[in-house]
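Q: Here it is: the structure, laid out below.
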Amino acid sequence: GFMLISRHSAAPSLLYTVSCRDESWKSMAKYCMEDVPDLLKDESVDNVPALLSRLVKSLPANAGNLIKWVIEVRRQEEGGSGLSKEEEERLILKEMILQQVRDTELFRLVRELQFTKQPCCSCSYSSDDDSFTWIAASVCCQGAALLTGNLSSKDGFCCRETCFKCVQVDGDGPKTVVTGTAVSGVNEQSVDMLLPISTLETSVCNSNSSNEVVKYPSRTDILTVLLLALHPSTWVGIKDERLKAEFQSLISTDILHDDLKREILHLRRQLHYVRSCKEEEYGDPVPQSH
């Protein structure tokens, strides 16, 4: 006989992935497996905003570390700043998925909950955007290490600077790229980070204001995606049948666009493995004798 092996024609996910790079995944696994079902038993919660508020307030401090948004990095081109056809297609798909998240009713409710204390709607996203400088610097260092093959080096890269630039794409207008320079001793590596931006928000490429904020994937997006990615059985414990039906309609994959649906189903598969790893910890470490 014989076996035919081929690579997938497309990545299983484009914008979001589960990350277990540090120990924080354990507290998030506990939150998803134990805390959420316990919170749902509270019969005093009788509407969706109250339920979401209870879930958000109980999140572990490092909740954002479990699901990450994927940034594509490449070596910075000398004398050129164009995107290849493949890069252009991937970036367009990332932006499409980001917009599909923001088009959901669940995102709207989570966003309102996150910014109920904001004095006006124009101030939204401000708390999310504060950390982008750190995100860009961190990705710059990781990308530089990857591109130079120094992932295991003790002398890690330090990001010297990051800045935004605009890349013209034929037929699709300007795209935003973050450029960074990382150094490690005498080694220096310049990288480009392809940044997905919501199409309904103003890009820095078209902004006339120096105070304009880039609308990259935010903590609100991540929280929305996490709620969508939790297994549907998570919500069975809601006591109020009317509330259960209303909430399940918000997180149903049946209402999602196909691209976002594939992302969410892939995240659910990843969370299944995370749950399995956590359950193994709860098991008896000493096998029973027979």
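Q: Here is a check on your reading of the model: is residue 45 within 24 Å of residue 105 (Cβ to Cβ), in a loop (DSSP other than H, G, I, E, B) and of a type in the set (Val, Ile, Thr)?
A: On the way: within 24 Å of residue 105 (Cβ to Cβ): yes; in a loop (DSSP other than H, G, I, E, B): yes; of a type in the set (Val, Ile, Thr): yes.
It is true that residue 45 is within 24 Å of residue 105 (Cβ to Cβ), in a loop (DSSP other than H, G, I, E, B) and of a type in the set (Val, Ile, Thr).
Q: Tally the residues that are open to solvent by 70 Å² or more (accessible area, probe 1.4 Å) and within 18 Å of the chain's Cα centre (by Cα), restricting the search to region 24-42. So that I can check it myself, show each step before the final result.
A: If we filter region 24-42 for residues that are open to solvent by 70 Å² or more (accessible area, probe 1.4 Å), which is where we start, we get 30, 38, 41.
Adding the requirement that they be within 18 Å of the chain's Cα centre (by Cα) leaves none.
Qualifying residue count, region 24-42: 0.
Condition check ((1) modelled with pLDDT of 90 or more; (2) touching a strand residue (DSSP E or B) at 6+ places or on another chain (Cβ under 9 Å); (3) closer than 27 Å to residue 60 by Cβ) across all residues:
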{"residue": "202", "(1), (2), (3)": "no, no, no"}
{"residue": "208", "(1), (2), (3)": "no, no, no"}
{"residue": "212", "(1), (2), (3)": "no, no, no"}
{"residue": "215", "(1), (2), (3)": "no, no, yes"}
{"residue": "226", "(1), (2), (3)": "yes, yes, yes"}
{"residue": "230", "(1), (2), (3)": "yes, no, yes"}
{"residue": "234", "(1), (2), (3)": "yes, no, yes"}
{"residue": "241", "(1), (2), (3)": "yes, no, no"}
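Q: Looking for something part of a helix (DSSP H, G or I) and either of a type outside the set (Ser, Thr, Tyr) or within 16 Å of the chain's Cα centre (by Cα) (or both) - is there at least one such residue anywhere in region 13-21? Reasoning before the result, please.
A: At the first step, the residues of region 13-21 found to be part of a helix (DSSP H, G or I) are none.
Looking through region 13-21, none of the residues is part of a helix (DSSP H, G or I) and either of a type outside the set (Ser, Thr, Tyr) or within 16 Å of the chain's Cα centre (by Cα) (or both).
Q: To continue, here is another question. Give 239, 278, 261 a once-over and let me know the one that is open to solvent by 30 Å² or more (accessible area, probe 1.4 Å) and outside any loop (DSSP other than H, G, I, E, B).
A: Details: 239 fails: outside any loop (DSSP other than H, G, I, E, B); 278 fails: open to solvent by 30 Å² or more (accessible area, probe 1.4 Å).
None of the others qualify; the one that does is 261.
Q: Which of the numbered conditions does residue 116 fail, given that it passes all the others? Conditions: (1) more than 25 Å from residue 21 (Cα to Cα); (2) at pLDDT 75 or above; (3) β-branched (Val, Ile, Thr).
A: Residue 116 satisfies all of (1) more than 25 Å from residue 21 (Cα to Cα); (2) at pLDDT 75 or above; (3) β-branched (Val, Ile, Thr) except (2).
Q: Mind listing just one residue for me: the one in region 243-278 that is touching a helix residue (DSSP H, G or I) at 6+ places or on another chain (Cβ under 7 Å) and among the basic types (Lys, Arg) and, of those, modelled with the lowest pLDDT?
A: So, considering only residues that are touching a helix residue (DSSP H, G or I) at 6+ places or on another chain (Cβ under 7 Å) and among the basic types (Lys, Arg), the one modelled with the lowest pLDDT is 278.
Q: Quick check: anything in region 48-67 assigned to a helix (DSSP H, G or I), farther than 25 Å from residue 263 by Cβ and open to solvent by less than 50 Å² (accessible area, probe 1.4 Å)?
A: Within region 48-67, one or more residues are assigned to a helix (DSSP H, G or I), farther than 25 Å from residue 263 by Cβ and open to solvent by less than 50 Å² (accessible area, probe 1.4 Å).
Q: Has region 95-112 got any residue that is more than 28 Å from residue 30 (Cβ to Cβ), modelled with pLDDT under 90, open to solvent by less than 60 Å² (accessible area, probe 1.4 Å) and out of contact with any helix residue (DSSP H, G or I) (no Cβ under 8 Å at 6 or more places or on another chain)?
A: There is at least one residue in region 95-112 that is more than 28 Å from residue 30 (Cβ to Cβ), modelled with pLDDT under 90, open to solvent by less than 60 Å² (accessible area, probe 1.4 Å) and out of contact with any helix residue (DSSP H, G or I) (no Cβ under 8 Å at 6 or more places or on another chain).
Q: Is it true that some residue in region 148-157 is in a loop (DSSP other than H, G, I, E, B), hydroxyl-bearing (Ser, Thr, Tyr), surrounded by 14 or more Cβ atoms within 10 Å (Cβ to Cβ) and at pLDDT below 75? First the steps, then the outcome.
A: Filtering region 148-157 down to residues in a loop (DSSP other than H, G, I, E, B) leaves 149-157.
Now drop any that are not hydroxyl-bearing (Ser, Thr, Tyr), which leaves 152-153.
Subsequent filtering for residues that are surrounded by 14 or more Cβ atoms within 10 Å (Cβ to Cβ) retains none.
Scanning region 148-157, I find no residue that is in a loop (DSSP other than H, G, I, E, B), hydroxyl-bearing (Ser, Thr, Tyr), surrounded by 14 or more Cβ atoms within 10 Å (Cβ to Cβ) and at pLDDT below 75, so the answer is no.
Q: Now, a different point. So, in region 1-12, exactly how many residues are at pLDDT 75 or above and either surrounded by 10 or more Cβ atoms within 10 Å (Cβ to Cβ) or part of a helix (DSSP H, G or I) (or both)?
A: 0
The values are calculated or read from the model by the stated rules, or taken from the named source; none is laboratory data. A quick note: this is a predicted structure, and the numbers were derived from the prediction, not measured. Methodologically, a virtual Cβ is constructed for each residue, glycine included, from the backbone with ideal geometry; neighbour enumeration extends over all protein chains shown. Surface areas here come from the heavy atoms of the whole protein model, side chains and all, with no ligands, DNA or RNA. Shrake-Rupley method; radii C 1.70, N 1.55, O 1.52, S 1.80 Å.
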